[in-house]
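To keep things clear, I will list the structure first and then write my remarks on it.
The values are calculated or read from the model by the stated rules, or taken from the named source; none is laboratory data. Since this is a predicted model, take the numbers as computed values, not measurements. Quick reminder, even Gly has a Cβ in these numbers, built from the backbone with ideal geometry, and neighbours come from all protein chains shown.
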Amino acid sequence: MDVKLDINTLPRDNQHVKFQVAEEEVKGIWHQGKYKSNEESIYETDILIYDMWSEVVRWEPIQDLHQKAEIDALIVNPDRLDPDIRDFVIKEYKDFIDSNG
């Protein structure tokens, strides 16, 4: 059976994504990289390149790596948060993770 990607479901050019490759899917291993549309590949580094057609089994967008890292740091150390907004921020973070991974 020939499987073809729907071009409308591919990431945007230079979009940061997290993704799984076929060999590691059963182990639950995820990678992060940047999609290059002209090559239809995801670059984890300049050397580690994964082909969307033959290696990548699923991908999800990463909206803003810097913003996510900042939020992660606050959640790891919630004492840095103002007590008046701590519960709200933690709830928003959990909602964000549930909807974006």
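Assorted remarks:
- All told, residue 89 meets the bar of being in a helix (DSSP H, G or I), among the aliphatic types (A, V, I, L, M) and modelled with pLDDT under 85.
- Filter pass, residue 24 being in contact with a strand residue (DSSP E or B) (Cβ under 9 Å, 6 or more places away or on another chain) and either exposed (fewer than 14 other Cβ atoms within 10 Å of the Cβ) or at pLDDT 85 or above (or both): yes
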